[in-house]
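This report concerns only the one structure given below.
The values are calculated or read from the model by the stated rules, or taken from the named source; none is laboratory data. It should be emphasised that the depicted structure is a prediction, and the values quoted were computed from it without experimental measurement. Cβ atoms come from the backbone with ideal geometry, glycine included; neighbour counts cover every protein chain shown. Heads up: the accessible areas ignore ligands, DNA and RNA and are worked out on the full protein's heavy atoms, side chains in. Shrake-Rupley method; radii C 1.70, N 1.55, O 1.52, S 1.80 Å.
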Protein chains: 2
Amino acid sequence: MSNPHTSLTLPNPLPLDSGQALACVEMAYETYGTLNADKSNAILICHALTGDQYVASTHPITGKPGWWERMVGPGKPIDTDRFHVICANVIGSCLGSTGPQSPASDGEPYAMRFPVITIRDMVRGLVAMLDAMGIAQLHTVVGGSMGGMQALSLAANWPDRAGRVLAIATTARHSAQNIAFHEVGRQAIMADPHWCGGDYYGEESAPDAGLAVARMAAHITYLSEEGLTEKFGRRLQDRDAKTFGFDADFQVESYLRYQGSGFTRRFDANSYLYITRAMDYFDIAEEHGGTLAKAFAGTPARFCLVSFDSDWLYPTAESRHVVHALNAAGAPVSFVELSAPFGHDSFLLDVPALDRVVKGFLDG
Amino acid sequence: MSNPHTSLTLPNPLPLDSGQALACVEMAYETYGTLNADKSNAILICHALTGDQYVASTHPITGKPGWWERMVGPGKPIDTDRFHVICANVIGSCLGSTGPQSPASDGEPYAMRFPVITIRDMVRGLVAMLDAMGIAQLHTVVGGSMGGMQALSLAANWPDRAGRVLAIATTARHSAQNIAFHEVGRQAIMADPHWCGGDYYGEESAPDAGLAVARMAAHITYLSEEGLTEKFGRRLQDRDAKTFGFDADFQVESYLRYQGSGFTRRFDANSYLYITRAMDYFDIAEEHGGTLAKAFAGTPARFCLVSFDSDWLYPTAESRHVVHALNAAGAPVSFVELSAPFGHDSFLLDVPALDRVVKGFLDG
């Protein structure tokens with residue numbers, strides 16, 4: 001199977017937190033801007049749960065612009081005239097890096113034989129990719145949401161690999177509520193008879209209905225109650241009165257259905273299972289003897305944490321928890337809670353204050 | 001089909017907001033305490049989405065105690081030594097009142113031929129039942145969550161039928177976020193191939209998997225983030241370490257799965273579709289020219305509204321919105337926000353302050 005994405009193959013098997021190892025790991029990535037002679041201007045952008053490496057270039061399946069074009073490009077806050085920006089698809093995902101749909105040693109897709117991975121395993125893959133690229137230290141590692149988890153994990157476990165760490169709308173551990181929402185999504189996928197225990201590759205049907213429900217449930221958590229009210233309220237969809245039926249009478253229903261069905265065209269259900277599992281397992285303190293400050297002890301990096309006041313998925317208290325640990329570890333850290341109406345998704349949307357914070361942190 | 005529940009048949013067809021009418025409506029109900037000679041001591045308790053008439057008696061399917069035994073009984077806040085308490089299964093539900101699984105005129109279950117109903121239609125059924133019982137005016141109508149919607153709807157549309165109105169953890173309209181969560185549940189049910197367009201009665205399988213996912217998603221909204229953290233946190237379920245698999249490693253996963261599967265044994269998937277639809281359609285102001293105060297103009301009833309500080313499904317602002325409308329309508333109203341850690345479900349749980357408020361309002 002040829003990989004239609006730009007990628008490199010890691011030279012060594014990747015050891016995993018489970019004790020297993022992943023052989024022949026493919027890392028699919030995109031880069032923007034030019035790496036300077038001493039390789040000191042590289043910025044690694046880590047993507048979120050359903051994100052990918054197409055941070056500032058057209059998505060090959062949807063044809064849509066990159067997911068962070070507003071932030072990354074010439075003259076933009078993450079300025080590709082100045083920085084060499086790298087973004088790779090995480091292992092477990094489905095845009096060219098090794099994941100459940102990749103062939104195992106027997107040539108058949110791993111499906112559910114793929115090992116359960118962690119956020120640290122994802123970062124281990126990214127670090128091995130940086131090794132292969134000859135990049136010893138990043139100027140900055142940046143990420144929002146699950147990308148922020150990776151940025152924090154890199155700082156905690158490979159402290160010499162990034163001079164600066166910018167973690168946006170994220171947390172150092174998944175809460176019971178976070179796990180609960182993910183479990184609903186996984187159960188929706190696994191309840192879909194087309195899931196077939198994960199062995200649906202090459203079959204006529206994939207578990208699209210289950211995956212769409214999972215996406216719909218998750219999508220609500222990405223938005224704020226206020227944002228939903230402002231955007232949709234109780235407005236009806238292309239009709240003057242309720243139909244007294246089960247069609248999408250309300251705009252918010254129509255929107256959610258669209259989000260669900262669109263998602264299934266670009267994402268793999270098994271990848272959704274594996275990546276949500278990795279996020280639920282995420283707890284940096286637990287990896288470091290139960291104390292978050294210990295995870296960051298002696299880190300030479302500078303940190304910037306950003307939260308959004310309307311984000312109820314990873315609320316400000318989660319960022320503050322990280323900041324307190326960094327303070328206890330004596331690490332230089334700046335922290336700002338930005339006001340934005342878009343909930344968790346604020347990090348992806350038009351929030352000029354975020355642009356200023358990002359630019360300021362990279363310039364400073 | 002004989003009805004194993006206590007019930008009465010309404011003498012006339014029930015007109016519905018859709019313009020349709022429902023013939024031969026069965027109302028299944030339970031009563032507690034004795035109706036006095038002038039029939040002035042009746043309290044109607046309205047149940048929530050997945051509730052039923054077994055408010056203070058053993059549930060015939062689960063064998064569990066009534067859902068509000070802590071509140072209703074001899075010497076309890078709703079004192080059955082003093083009051084005649086009535087609780088009826090709402091139309092559209094599945095515990096003996098007419099709903100999607102009831103036979104239509106052709107003898108076959110309605111399934112999706114059942115008309116889409118509204119909260120006002122449910123109350124219309126309850127009022128017709130009270131007529132049949134010869135109860136002209138209730139001492140009090142009480143309800144939490146969807147039960148509170150019915151209490152408010154009765155006050156707005158049949159203002160002479162209740163002297164007091166006690167509405168707990170509720171709202172006068174469903175928000176975009178409320179609708180969104182319900183739509184996820186409906187899509188989960190409809191995506192289940194055993195749903196078969198609603199025609200699963202008498203078949204070997206019902207859409208249990210979809211209904212369980214719907215229940216799981218909804219259940220998260222009934223609890224608070226803080227409550228989930230306190231109750232489960234990131235604690236593992238009967239194991240010392242993560243399994244690196246997709247079993248329920250975390251207690252919160254195990255709990256949600258249990259909630260989902262238990263629910264399917266006592267509830268009908270089509271009823272879930274119809275009742276969530278009724279709730280999403282709910283907007284008392286819209287029914288009364290767009291102004292909530294108009295809905296309550298000239299009401300002779302006394303009101304008491306109760307909200308909980310950890311309820312993010314129907315937050316305090318929604319109760320306050322009702323209180324402002326009642327103030328504008330000149331109705332006597334008391335309002336209290338109680339502090340309780342259990343989220344929306346607080347109205348069902350051990351919150352002694354709620355007991356005092358309920359008792360005080362009935363005594364006062």
Hull surface divided by four, with the convex hull built on the Cα atoms of the range B:178-275: how many nm²? 7.5 nm²
On protein heavy atoms with a 1.4 Å probe, the accessible surface that disappears when A meets B, both sides summed and given to 100 Å², is 4600 Å²
For A:Leu8, inter-copy label distances in nm, listed shortest first [label point 7 Å out on the Cα-Cβ vector]: 8.0
In nm, what does the list of distances from B:Pro332 to its counterparts in the other copies look like, shortest first, when each label sits 7 Å along Cα to Cβ? 6.7
Centroid-to-centroid separation of the range A:270-341 and the range B:66-97 [C-alpha atoms, Å]: 47 Å
Once the dipole of the protein assembly as shown is set up from charges on Cβ (+1 Lys and Arg, -1 Asp and Glu), the residue from the list A:Gly198, B:Ser339, A:Gly144 lying farthest towards its positive end is B:Ser339
Qualifying trypsin sites (Lys or Arg not before Pro) for the range B:185-278 [loop in DSSP, other Cβ within 10 Å: at most 16]: B:Arg235, B:Arg239, B:Arg265, B:Arg266
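Hey, can you find the accessible area per residue of chain A for me, probe 1.4 Å, expressed in square angstrom?
Averaged over the residues of chain A, the accessible area is 35 Å².
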Assume the label is 7 Å from Cα along Cα to beta carbon: what separations in nm does B:Gly245 have to the matching positions in the other copies? 4.6
What does the charge dipole of chain B about its Cα centre add up to, to the nearest 20 debye, if the Cβ of each Lys and Arg holds +1 and the Cβ of each Asp and Glu holds -1? 700 debye
Under unit Cβ charges (Lys, Arg +1; Asp, Glu -1), what dipole magnitude, rounded to 20 debye, does the range A:134-238 have relative to its Cα centre? 540 debye
If I build a Gaussian network model for chain A, linking alpha-carbon pairs within less than 10 angstrom, which residue out of A:Arg164, A:Arg320, A:Arg120 has the largest mean-square fluctuation? A:Arg320
At R0 = 41 Å the Cβ-Cβ FRET efficiency linking B:Ser334 and B:Asn36, nearest 0.05, sits at 0.95
Distance from the Cα centre of the range A:1-44 to that of the range A:151-184, in angstrom? 20 Å
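If we count GluC sites (Glu not before Pro) as exposed when they sit in a DSSP loop and have at most 13 other beta carbons within 10 Å, what is the longest stretch of chain B that avoids them all?
B:1-202
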Mean separation of Cα contacts under 8 Å, 6 or more apart, over the residue count of chain B: relative contact order %: 17 percent
Which lysines have a Cα less than 26 Å from the Cα of B:Lys242, not counting those fewer than 8 places away in the same chain? A:Lys294, B:Lys231
Cut-off 10 angstrom, C-alpha nodes, Gaussian network model of chain B. Which of B:Ser105, B:Ser153, B:Ser261 fluctuates the most? B:Ser105
Quickly estimate the mean residue ellipticity at 222 nm for chain B, helices only: each DSSP H run with n ≥ 4 gives -39500 (n - 2.57), and the total goes over all residues, rounded to 500. -10500 deg cm²/dmol
Size-normalised alpha-carbon gyration radius of chain A, reference 2.2 N^0.38 Å: 0.97
Cα-centre dipole for the protein assembly as shown with unit charges at Cβ (Lys and Arg positive, Asp and Glu negative), debye to 20: 1180 debye
